[in-house]
Amino acid sequence: MKGRIMDNETLGIYIARARKAKGLTQKELAERLHVTDKAVSKWETGRGFPDIKVLPVLAAELGISLAELLQAQEPAPSASVLSRETIGTKTASSPAIRARSSQFLQWLFLIVGSIGLAAGIYCLIRYMQWNSLGIIGGSDASTDILIVDSSPGLPWQWILLFSISLLCLFAGIALWFFRRKQVSRRNKK
């Protein structure tokens, strides 16, 4: 038992799960074990413990080993052991999870793209204000000095920000169209 003390409740829960997994009622299991259905009920509720002579037969009827029964541990799951309810639940929730994650990504891309695009446009306007042509001087034409922009061009950070923002925005719009197309396909079926 590997240092674990088994109690009646733990064993009872395990027996009930194993019985239900086999599709047996308490009465059917009791008939196969040659005991009363009240005895099976007492085992499953933790108010009683199966007789030592019944344990090997009980394990065989439940389709488990005697060691698994005595340890009251679930065997390692395999494809054949999974119940139809479990498989149905996993596959039923899978499209819903994918739809939610797709919608989350869509909104994330749209928000990041919009904020980045707005910041990029703001930076472009500020850059154009800072690096524009200017005239310094008085009102007479002889003292005017023309200042010409000598900067090398837009900073690479602005170009990177603007590019990433546009990519995010386009990805968000593409996801929106893709999700819309999927919904219309589902509605046609």
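Read-outs: derived from the displayed coordinates by stated rules, not from any lab. Fair warning: this is a prediction, and the values are worked out from it, not measured in the lab. Neighbour counts run over all protein chains shown; Cβ positions are idealised from the backbone, glycine included.
Some notes on this structure:
- Karplus 3J(HN,Hα) series, Hz, for the range 160-174 with 6.51 cos²θ - 1.76 cosθ + 1.60 (x for Gly, Pro): 5, 4, 5, 5, 5, 4, 5, 4, 4, 5, 5, 5, x, 5, 5
- Net charge in the neighbourhood of GLN106 (other residues with Cβ under 11 Å of its Cβ; Lys, Arg +1, Asp, Glu -1) is +3.
- Protection-proxy order for peptides 57-63, 32-38, each taking the mean of Cβ atoms within 10 Å per residue, highest first: 57-63, 32-38
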